[in-house]
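Following: one structure in structure tokens, then a few remarks.
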Amino acid sequence: MAYQKFIVDAMLGKLARWLRILGYDTLYFKDMEDWKILKIAKNENRIILTRDRGLCNRAKKNSIECFLVLPDEEIEKTLALLSHKFGLLLDINPDASRCSECNGILEKKDKNLWVCTKCKKEYWKGRHWDTITEILIKARSLKDSYESTKHRGHRPASREESGENS
Ligand SMILES: [Zn+2]
């Protein structure tokens, strides 16, 4: 089953919001010590997403899945890589989305309106929808390009080392 859960470190707030929009259960804390992130990831079987190579190495030593996001990586690229590696679905379905602010479940209230069951934030299917769709189209085509070139180039060795989930 490709349905993954994530824990995202402080530097990657934008990515956390994207994962929630895509419907993935994603924890994000603005300030959390590494050992706590490791503990939650282990207990809740979450994949760690971070820019911190040291944290990733510690995660791997503890058999926790970790994905290193490179500093200049655009969101389309990160999503494409996550999709390639973890089977992330690059489709948006607002009925399955989570609240980008608090990770709460959304409830449909009207044709184009969803409300977070936790923090009550309202989501309208408005103009931003086109932007989201465009980014996902780009991400999907990037992903296709990774899959056609397979293991040649493009990705740093550290990503390969983390290997498949065993
Ligand atoms: Zn919320």
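Each reported figure results from applying straightforward, stated rules to the coordinates on display, with no laboratory input. Remember, it's a predicted structure, so these values are computed and weren't measured experimentally. Quick reminder, even Gly has a Cβ in these numbers, built from the backbone with ideal geometry, and neighbours come from all protein chains shown.
When you go through (1) under 28 Å from I137 (Cβ atoms); (2) touching a helix residue (DSSP H, G or I) at 6+ places or on another chain (Cβ under 8 Å); (3) surrounded by 14 or more Cβ atoms within 10 Å (Cβ to Cβ); (4) not aromatic (F, W, Y) one by one for I105, which number turns out not to apply?
(2)
To keep it simple, each residue is scored yes or no on (1) under 24 Å from E147 (Cβ atoms); (2) free of Cβ contacts under 8 Å to residues at least 12 places away in the same chain; (3) of a type outside the set (V, I, T); (4) surrounded by 15 or more Cβ atoms within 10 Å (Cβ to Cβ).
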{"site": "W18", "(1), (2), (3), (4)": "yes, no, yes, yes"}
{"site": "D25", "(1), (2), (3), (4)": "no, no, yes, yes"}
{"site": "Y28", "(1), (2), (3), (4)": "no, no, yes, yes"}
{"site": "N43", "(1), (2), (3), (4)": "no, yes, yes, no"}
{"site": "D52", "(1), (2), (3), (4)": "no, no, yes, yes"}
{"site": "N62", "(1), (2), (3), (4)": "no, no, yes, no"}
{"site": "E65", "(1), (2), (3), (4)": "yes, no, yes, yes"}
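Just to be sure I understand, how many residues within region 94-120 are touching a Leu at 6+ places or on another chain (Cβ under 9 Å) and either among the basic types (K, R) or more than 16 Å from the ligand (Cβ to nearest atom) (or both)?
Of the residues in region 94-120, 1 are touching a Leu at 6+ places or on another chain (Cβ under 9 Å) and either among the basic types (K, R) or more than 16 Å from the ligand (Cβ to nearest atom) (or both).
Of the numbered conditions (1) touching a residue at least 24 places away in the same chain (Cβ under 8 Å); (2) not in a loop (DSSP other than H, G, I, E, B), T131 fails exactly one; give the number of that condition.
Answer for T131: the failing condition is (1).
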